[in-house]
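Here is the structure we will look at, set down as structure tokens.
Each value in this text was obtained by applying a stated rule to the coordinates, not by laboratory testing. Everything quoted here is computed from the prediction, not taken from an experiment. No Cβ is skipped: glycine too gets one built from the backbone with ideal geometry, and neighbour counts run over all protein chains shown.
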Amino acid sequence: MVEAKGEAKAILAVLKTRGIAISSESEDRISQCTDLGLLDLWIRKAVTATSVDELFD
């Protein structure tokens, strides 16, 4: 659970640093995720995504 929280924070930090808008719903979805495999996928996508929706595609 602690590792998942850290990954979620990293995803949000990457998106915010890149200037990508994050809705409260998307932020909640990312923050509440406990699936490490999914979080790993999202963190990889966050590096190149042009919108937060691309994480979930």
**Viscosity 0.890 mPa s, 25 °C: Kirkwood-radius Stokes-Einstein D of the chain over Cα pairs, µm²/s** = 225
**Asked** In degrees from 0 to 90, rounded to the nearest 10, what is the angle of the helix 36-46 Cα long axis to the longest principal axis of the chain?
**Response** 20
**Item:** Most to least packed among 8-16, 22-30 [average Cβ atoms within 10 Å]
**Value:** 8-16, 22-30
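If I stretch the segment between Lys5 and Arg29 completely, what's the gain in nm (0.36 nm per residue apart, minus their alpha carbon distance), one decimal?
Numbers: separation 24, 0.36 × 24 = 8.64 nm, distance 1.18 nm.
Roughly 7.5 nm would be gained on extension.
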**Simple Cβ-charge dipole of the chain, Lys/Arg +1 and Asp/Glu -1, about Cα centre, in debye nearest 20** = 260
